[in-house]
Amino acid sequence: MEDAGHKRLILVYGEHPKYNAHFIAESVQTVYSVKHKNGEIRRVNINAAPLDIDGFRIVQEAGIGTYQIFQETYHRETYLKVHKSGLKRDYDWRITGLDRAMEGGIDDLGIGALLGLYDWRYEIMGLIRHVNHFEAVFNVGPHTISFPRIQDASGIEMDPRWIVSDEDFTKLVAILRLAVPYTGLILTAREPAHIRDEVLQYGVSQIDGGTNIEMRGYSKDDEQQNIDKEQFEIKDKRSLNEIMEELVDNGFIPSFCTACYRLNRTGEHFMEFSVPGFIKRFCQPNAILTLAEYLEDYAPQKTKTKGYQLIEKELEAYEDIHFKEKLIKRLEKIKKGKRDLYF
């Protein structure tokens with residue numbers, strides 16, 4: 001994964017009791033310890049079951065980025081219908097999980113709902129109400145919101161009443177962006193390329209590339225990959241570089257930035273910058289610097305040429321001459337082999 005250029009990961013854990021706080025913390029530390037050539041993972045986000053407050057403290061000490069807990073559905077009756085047994089069946093334990101994370105010192109949170117279990121309008125209102133709760137109680141909103149559509153999978157019977165059409169899906173992205181303008185909206189490779197390309201215009205700010213959800217799917221062991229099947233179908237199978245090049249072609253600056261959480265711009269501190277829009281003064285230059293790293297270390301020549309053309313175009317638009325000079329100096333350092341520079 002490092003050889004492909006990845007700098008940020010989401011580690012997804014199951015609900016089994018063995019995936020406890022110590023297991024999560026140890027695996028995060030293992031990921032951070034691996035460095036190959038110019039490759040390193042600088043931010044590890046977590047998607048896992050809710051923990052108690054002490055468990056969240058253990059995970060926080062491992063240096064994670066965002067801790068995600070998806071409610072799956074905010075409709076209590078549907079929640080109990082699709083969760084037949086086990087600790088996850090406890091609706092209240094799950095929906096209060098990120099409150100305990102805040103109490104345990106994790107102030108970088110991600111929420112989400114699996115669209116298609118119930119009426120998408122109800123779920124979007126649930127997500128927004130959850131945001132309101134965090135703002136009111138902790139003075140902090142979620143760092144990210146996810147809204148995957150349920151996909152065909154083994155053993156799943158989908159209720160046709162709740163299937164979310166492409167038209168409604170693009171509409172709900174715009175609704176979320178208007179309702180929570182400061183939060184990162186995540187769109188995964190569950191969605192096909194044409195949908196991903198469209199909703200980038202409406203407010204999606206984070207996508208994945210080169211995704212593989214088979215067990216050991218990033219291994220080169222073909223025999224193992226034939227044994228372990230995907231949980232559901234990935235619709236956008238483009239490589240990381242294919243997505244990078246298309247973003248550049250469309251005038252977007254692909255960013256691998258990990259600066260905020262490493263400079264403690266999380267929680268209330270992040271809100272101070274993000275809500276009024278001041279975070280842009282850091283996001284754009286850090287995006288340019290991480291794009292330059294990718295172009296130098298991983299991109300084929302075609303992508304590299306396009307990428308630097310976009311960077312030059314962005315630099316020309318800078319009105320702050322002094323800041324522009326600082327950014328250009330850091331770009332030159334990257335071209336000479338320096339890495340991990342950020343504002």
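Key figures
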{"item": "Set LYS304/LYS326; LYS35/LYS333; LYS35/LYS306; LYS35/LYS326; LYS171/LYS326 screened for pairs whose C-alpha atoms are more than 30 Å apart", "result": "LYS171/LYS326"}
{"item": "Segment LYS302-LYS326, length gained on full extension (0.36 nm per residue, minus Cα span)", "result": "5.9 nm"}
{"item": "All lysines inside 20 Å of LYS237 as judged from Cα atoms, apart from same-chain residues fewer than 8 positions distant", "result": "LYS7, LYS220, LYS229"}
{"item": "Coil-residue trypsin sites (Lys or Arg not before Pro) of the stretch 35-110, DSSP, other Cβ within 10 Å capped at 12", "result": "LYS37, LYS84"}
{"item": "Label assignment, mean projected area of the Cα convex hull in nm² derived from the structure, set (i) 20.4; (ii) 17.5; (iii) 19.1", "result": "(ii)"}
{"item": "Förster-model FRET efficiency, 51 Å R0, LYS313 and HIS269, C-beta, rounded to 0.05", "result": "0.95"}
{"item": "R0 of 41 Å, Cβ-Cβ distance LYS84-ARG262: FRET efficiency to nearest 0.05", "result": "0.50"}
{"item": "Separation between Cα centres of the stretch 310-328 and the stretch 75-125, rounded to whole Å", "result": "43"}
{"item": "Using θ = phi - 60° and Karplus 6.51 cos²θ - 1.76 cosθ + 1.60, couplings along the stretch 187-203 (whole Hz; Gly, Pro as x)", "result": "10, 9, 6, 4, 8, x, 4, 5, 6, 4, 5, 5, 6, 4, 6, 9, x"}
{"item": "Separation in nanometres of the label points that stand 7 Å from Cα toward Cβ, at ARG339 and ASN139", "result": "3.9"}
{"item": "The chain, relative contact order [Cα under 8 Å, separation at least 6], %", "result": "13"}
{"item": "In sequence order, calculated HN-Hα J values of the stretch 139-144 (Karplus, 6.51, -1.76, 1.60; Hz; x Gly/Pro)", "result": "6, 9, x, x, 6, 9"}
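Coordinate-derived values only; no laboratory data. Keep in mind it's a predicted model, so treat the numbers as computed, not measured. Please note: Cβ atoms are built from the backbone with ideal geometry, for glycine as well, and neighbour counts cover all protein chains shown.
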